[in-house]
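A short write-up of the structure that comes next.
The values are calculated or read from the model by the stated rules, or taken from the named source; none is laboratory data. Just so we're clear, the structure is a prediction, and the values are computed from it rather than from any experiment. Using ideal geometry, Cβ is built from the backbone for each residue, glycine included, and neighbour counts are taken over all protein chains shown.
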Amino acid sequence: MGRIFCDEIEVLDWSEDIQTNLDNTVQIYRASVLDDRENIASCIERLSSKEIMRSRRYRNKGDSDRFIIGRAMVKHMAATILNKDFESLEILYTETNKPIIDQEIQFNLSHSGDYVVLAICKECDIGIDIEYCDADFKFQPILDYCMSKGEQIRIFENKKPLDTFLKYWTRKEAILKGTGIGLLEKLNTFSCLNGDNFVPGILTGIVSEWMIRSFYIDENYIVSLAHDSNLNKLNFCEFKL
């Protein structure tokens, strides 16, 4: 059995200072797609020819911009932390389709609507997920598939059931991305309620104890971060290229 401890935090400040010390720390960066569209050309300079070609396959410009900004964030921060040229860094994928850039650091990206978020740490698995709280999204048809009975009770007890649903959803996405499982047929077989959750070992991978922190970027976007419980310091930063 594995253990996942979930809680909610309030992020009061997003620093503009780049933090390069990853000892016992998770760095979380956010980028506004709307603000950074003016810097797309600079972001593209960080991409390889393969990544540029991939960005052109997106039919929707917003999707293309999010991809470009996300890749630029990873390359820029990894190069800064490792003191390497970004041209020498390449994002590769494991057998489970988990992205890696260097054996020394781990990262995970997520994007939704106006934001791209990046979580980065040293030598520990990590996962992050962001979702836009779209009032028109009808989650009821998929509730039995992806939520446990306990989660469903909490969702409908809350004054904002959609927000509660997305809180649990992002937690599950974050842990699956962090462990590299990616997809699981029955998301309703485990819970991500506040507090301790004991789950099958396959859900936690080589890390037996995970922390999942949920927070809002603004009132419309909820994020969940999954990380090794041994990492006890979080830094929240604005990404500026």
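Just a few scattered comments:
So that you can scan it fast, the table gives a plain yes or no per residue for (1) part of a loop (DSSP other than H, G, I, E, B); (2) in contact with a Cys (Cβ under 7 Å, 6 or more places away or on another chain); (3) in contact (Cβ under 8 Å) with a residue 60 or more places away in the chain:
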{"residue": "R3", "(1), (2), (3)": "no, no, yes"}
{"residue": "Q19", "(1), (2), (3)": "yes, yes, yes"}
{"residue": "L22", "(1), (2), (3)": "yes, yes, yes"}
{"residue": "D35", "(1), (2), (3)": "no, no, no"}
{"residue": "I40", "(1), (2), (3)": "no, no, no"}
{"residue": "K50", "(1), (2), (3)": "no, no, no"}
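- When segment 215-241 is filtered for residues that are surrounded by 18 or more Cβ atoms within 10 Å (Cβ to Cβ), at pLDDT 95 or above and farther than 13 Å from A119 by Cα, the ones remaining, listed by number, are F215, Y221, I222.
- Any hit, segment 64-85, residues being over 20 Å from the mean Cα position of the chain (by Cα), farther than 30 Å from I212 by Cα and part of a helix (DSSP H, G or I): no
- Residues within segment 50-66 that are among the small types (G, A, S) and touching a helix residue (DSSP H, G or I) at 6+ places or on another chain (Cβ under 6 Å), tallied: 2
- Residue count, segment 25-47 (criterion: more than 18 Å from the chain's Cα centre (by Cα) and surrounded by 11 or more Cβ atoms within 10 Å (Cβ to Cβ)): 12
- Considered as a group, the residues in segment 85-133 that are aromatic (F, W, Y) and modelled with pLDDT of 85 or more include one that is farthest from K50 (Cα to Cα), and that residue is Y132.
- The residue of segment 70-94 that is surrounded by the most Cβ atoms within 10 Å (Cβ to Cβ), among those that are in contact (Cβ under 8 Å) with a residue 60 or more places away in the chain and in contact with a Lys or Arg (Cβ under 8 Å, 6 or more places away or on another chain), is A72.
- Any hit, segment 62-70, residues being charged (D, E, K, R) and in contact with a strand residue (DSSP E or B) (Cβ under 6 Å, 6 or more places away or on another chain): yes
- Looking only at segment 108-162, residues that are touching a residue at least 60 places away in the same chain (Cβ under 8 Å) and exposed (fewer than 13 other Cβ atoms within 10 Å of the Cβ) come to 0 in all.
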